[in-house]
Each structure stands twice: as structure tokens, then as C-alpha cells.
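J.: Sharing a structure below in C-alpha cells format, with a few things to ask.
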Amino acid sequence: MREGRGWILRTGEDGPWAGWLGVRHLDGVAPLRETPWLAVQTLAALDHAFPGGLALVWDAPPDWLELLSAAERQGLLGALAACCRRGLHGTESGPNSFEGPASFWLHAAAPPSGGLGQAWRQGWIGWVPQTPGAWRLPGLGLADAEADAVQAGALWGELTLPVGALGQLEIPELVRVLAEAQARLERDFSHRLSSGAWPVAFPFHRRRCGWRVSLVGGREFRAAGGGWEGLAEPLDSFIRILERELRVPIHFGSCMAFEVASHLGHQAMREGLPWRHSLALPPASPTFSPGMAAAPRDPAPLEARAMVPTPLAPLLADPPIAFLRVPTPPQEAACATFLSGLAHPLPAVRWLPPEAPLPGPFQAERPWAAASAFTPLLDVTQALQPSLFEEM
């Protein structure tokens, strides 16, 4: 991790930082149905090779696991999801056996219903609004697909910036820093490949290995009177400059890493940077909120925690993640009503009722508020209108 004035760069030491892979390719290396234990072992080795984690995309036909029993299917899917720190991604026709919390993201055009919808509302799985033609992996970027098969891709690293610092960036300096980091990583990675220390199961292609640019501190930026409209053009120009100079894909999104947001907040307060004015004053913890919306740890309204800036929507490679803490599991009709009232595009939603495990890290200076402090999601379809003669 490298720190600069208003930015943090996270990369690998001698190779890509994070990546994604399709289950079709994994099955070609280690047959998933004939030798599932070998496939799980291969996937664990691949995830270990990426410091930022690996995502597995289920791009296989829906009948792949029909020969397995329900218990075997559930155990295999749980093992695959546990081996990927970036989660297992699939559609409604893919994995559908979940009896507890799993690192699984369901990609669908509409919110899930039925058994998958119940698992989603209980906080067991997450939902990603799907767009045709590509997989939008939250926290990673855009994964290309050809003939229904996902092309393996990777990231050299992630550059994270506070929203309030965008107007004061030294773009030539950042381009130089990323170019130097990429040249070093490519040189070191070539030595790693020649030494045979890279898993042969992952097909690395240089043109599919890019960078990720992410933002934190959206809530503080709005609290200080900032507007999203003036950020779209300079941010688009910055991304195009990086693509032209580095000659790699640039994936833009939001950063939900709490430790990175906290580090940038403490840096701004410690060094007296101009974008520190919206931070909390000591003895409160001067930390930015992860992502572009309200902090998921604070009992803010649901709409504030699920907000996606409309001017920045065309630049997003993947939807921001909204961790929605609620005191009780929401009902299906209440979820549909709530999501229909949000502006498009929608974020990737993961509900966090009291029974659902909270994402870390757990820090005393910025703890999660109790579930009872958050506003419940009311089912407005079940509200009863008072009768005309009820008081008589």
C-alpha cells in the first residue's frame, strides 16, 4: 500500500492485485463434477495468488449440478464461495442452494423472489442489478463475456481517492505513479512467471489486466455542500488520460474498504488538507464514509445508504455496494416498493438484519450501531386505511 497526498494505491508485490475467473475455465482445469475436491483445491490456490482476492463467475449451464444430491450441491457451492474472497457470482439459473450466509452475489435484472428472494432478504446473499452483455462485479469492475463464457481478467491495483480531493489532484503526478507501479509489476511478474511460481490454472492476459479507480467520502462531500454535477467531466477526463497513458482498461467505482476510508480521513486531518472540513472533530474518529453514499455503520435513512450519484452513473464499471442494516428482515413487497422509489441505476444491495453477520473490520472508534437504531423497512402494501365509521 502506497500513500500520497489525498490518495492510496494498493497493488500486489510481484503480480496482479485482484482478478476474476469463469467456472467453465475452472472445470477445464479441474473437472468440477467428477473431482470437486480438486476444483476446490485449485480455486483456493488461485485466490491465494491474488492479494486482493479472486471472484468466481458461474457461467456454466444450469444443469451442471443436477446429478449431485441437495446436500452435496449445497456443500460444493459453500466451499466454492468460501474459497473466493471476492465472492461467487451467478444468475437465477445457476447456484440456488443456500441454507445460510454465503459470499454469493446474484446477478438479475429484477430483485430476486421465491427461495432466492428469501435468502436475499435474510442477508444470506447479495443482489446485483444485471445488464446484458457483461458481468459487473462489485468492487472489481467489468468482466467481458464471449459466447456466454467469462474471460478471465485481473487488476494491477486500486487507486482510492476522497471525493472532495478530485478537484485538487495533481494528475501528471498520479499518472507517473501508476506508470511506475505498472512497469515494476510487469517486470517482477515476468520473473515470477519464468520461475514457475504462478498458478497455471489462471490464464493471464496483459490486455485484460487493468487498474481500478475508486472513491470514498461521498457523504462528507455532500455534507460540505458539494455537487456531483461538476465532477463527471473532470473525472471522465482523468480516466481517459489514464487509459491513454497506461494502455490498459480503467475500471471506475466506489471503494467499500473501511480501513482505506479511515486512513484517508486521518491523513486529511493530520496534514490539514483542504478537504478535511467535513470530517468529524476530535475526539470523534475523523474517518471518511466508504463509497459514495452514507456510511452503512450509521443509522442514516435507507435512501441515503442506497444512493448512486446520477451524473457519475455512465462512468461506473460496476454498481456501488449498499449494505442496508435493518432491525427486522424486510418483506418482499416492501423491498419492491423501496427499490422502485430509488433513482436509477440501482446499487448492489445486501440486507443486514440482526441475524446476518456484519462485515468487518470491527473497530472501537467506529463501531456498528445496534440494529434497533436503524429505521425498519415498512410494508406499505399491508397498511390498513381507517374505516369511515370506525370511531362510532
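The values are calculated or read from the model by the stated rules, or taken from the named source; none is laboratory data. Here the structure is a predicted model, which means the values were calculated and not measured. FYI the Cβ positions are ideal-geometry reconstructions off the backbone, even for glycines, and counts take in every protein chain you see.
J.: Across the stretch 232-260, what is the number of residues that are crowded, with 16+ Cβ neighbours inside 10 Å and either part of a helix (DSSP H, G or I) or among the charged types (D, E, K, R) (or both)?
T.: So in the stretch 232-260, the residues crowded, with 16+ Cβ neighbours inside 10 Å come out as 232, 235, 238-239, 242, 246, 248-258, 260.
Filter once more, so that each one left must be either part of a helix (DSSP H, G or I) or among the charged types (D, E, K, R) (or both): 232, 235, 238-239, 242, 246, 258, 260.
Summing the residues that are crowded, with 16+ Cβ neighbours inside 10 Å and either part of a helix (DSSP H, G or I) or among the charged types (D, E, K, R) (or both) in the stretch 232-260 gives 8.
J.: A follow-up question, please. Out of everything in the stretch 207-230 that is hydrophobic (A, V, I, L, M, F, W, C) and either under 22 Å from THR287 (Cα atoms) or not assigned by TED's automatic domain parsing to the domain that holds LEU9 (or both), what residue ends up being farthest from the chain's Cα centre (by Cα)? Step through it out loud before you land on a result.
T.: Of the residues in the stretch 207-230, the ones hydrophobic (A, V, I, L, M, F, W, C) are 209, 211, 213, 215-216, 221, 223-224, 228.
Now narrow it down to the ones that are either under 22 Å from THR287 (Cα atoms) or not assigned by TED's automatic domain parsing to the domain that holds LEU9 (or both): 213, 215-216, 221, 223-224, 228.
Details: VAL213: 13, LEU215: 12, VAL216: 13, PHE221: 21, ALA223: 24, ALA224: 26, TRP228: 21 Å.
Among them, the one singled out is ALA224.
J.: Now a separate question. Name the strands (runs of 3 or more DSSP E) wholly within the stretch 1-59 that hold at least 1 residues that are surrounded by 18 or more Cβ atoms within 10 Å (Cβ to Cβ) and of a type in the set (Ser, Thr, Tyr)?
T.: Details: elements: 2-4, 7-11, 18-22, 54-57.
Correct list: 7-11.
J.: Related question: Only one of ALA317, ALA293 is within 16 Å of PRO129 (Cβ to Cβ) and either in contact with a helix residue (DSSP H, G or I) (Cβ under 6 Å, 6 or more places away or on another chain) or of a type in the set (Phe, Trp, Tyr) (or both). Can you tell me which? Can you show your working first?
T.: Working: ALA317 fails: either in contact with a helix residue (DSSP H, G or I) (Cβ under 6 Å, 6 or more places away or on another chain) or of a type in the set (Phe, Trp, Tyr) (or both).
The unique qualifying residue is ALA293.
J.: Among the residues of the stretch 324-377 satisfying the criterion of being in a loop (DSSP other than H, G, I, E, B) and β-branched (Val, Ile, Thr), which is nearest to PHE258 (Cα to Cα)?
T.: In the first step, residues of the stretch 324-377 are kept if they are in a loop (DSSP other than H, G, I, E, B); the result is 326-331, 341-347, 353-370, 374-377.
Checking the rest, the ones that are also β-branched (Val, Ile, Thr) come to 326, 328, 375.
Working: VAL326: 20, THR328: 24, THR375: 22 Å.
If we take residues in the stretch 324-377 being in a loop (DSSP other than H, G, I, E, B) and β-branched (Val, Ile, Thr), then VAL326 is nearest to PHE258 (Cα to Cα).
J.: If I ask for residues that are closer than 18 Å to PHE252 by Cβ and not in a strand (DSSP E or B), which ones from the stretch 182-225 would you list? Full working, then the answer.
T.: Kept after step one, since they are closer than 18 Å to PHE252 by Cβ, are these residues of the stretch 182-225: 182, 208-218, 221.
Residues satisfying the conditions are GLN182, ARG208, GLY217, GLY218, PHE221.
J.: Right, another one. Would you pick out the residues in the stretch 134-155 that are under 24 Å from CYS255 (Cα atoms) and assigned to a loop (DSSP other than H, G, I, E, B)?
T.: Residues satisfying the conditions are PRO138, GLY139, LEU140, GLN151, ALA152.
J.: Pick from ALA55, ALA39: which is at pLDDT 95 or above, in the same structural domain as ALA81 (by TED's automatic domain parsing) and either under 19 Å from HIS89 (Cα atoms) or over 20 Å from the mean Cα position of the chain (by Cα) (or both)? Give the steps one after another, and end with the answer.
T.: Working: ALA39 fails: at pLDDT 95 or above.
Only one candidate passes the filter, namely ALA55.
J.: Picking from ILE125, ILE171, which residue would you name as being surrounded by fewer than 21 Cβ atoms within 10 Å (Cβ to Cβ), within 29 Å of PHE288 (Cβ to Cβ) and β-branched (Val, Ile, Thr)?
T.: On the way: ILE125 fails: surrounded by fewer than 21 Cβ atoms within 10 Å (Cβ to Cβ).
Result: ILE171 is the single residue among ILE125, ILE171 that is surrounded by fewer than 21 Cβ atoms within 10 Å (Cβ to Cβ), within 29 Å of PHE288 (Cβ to Cβ) and β-branched (Val, Ile, Thr).
J.: Every residue in the stretch 261-304 that is assigned to a helix (DSSP H, G or I) and either basic (Lys, Arg) or more than 18 Å from LEU169 (Cβ to Cβ) (or both), please.
T.: Taking the stretch 261-304 as the starting set, the residues that turn out to be assigned to a helix (DSSP H, G or I) are 261-271, 274-276, 302-304.
The answer is SER262, HIS266, MET269, ARG270, ARG276, LEU302, GLU303, ALA304.
J.: A further question on this structure: Could you look through the stretch 51-80, keep only residues that are in contact (Cβ under 8 Å) with a residue 24 or more places away in the chain and small (Gly, Ala, Ser), and pick out the one that is nearest to ALA149 (Cα to Cα)?
T.: ALA60
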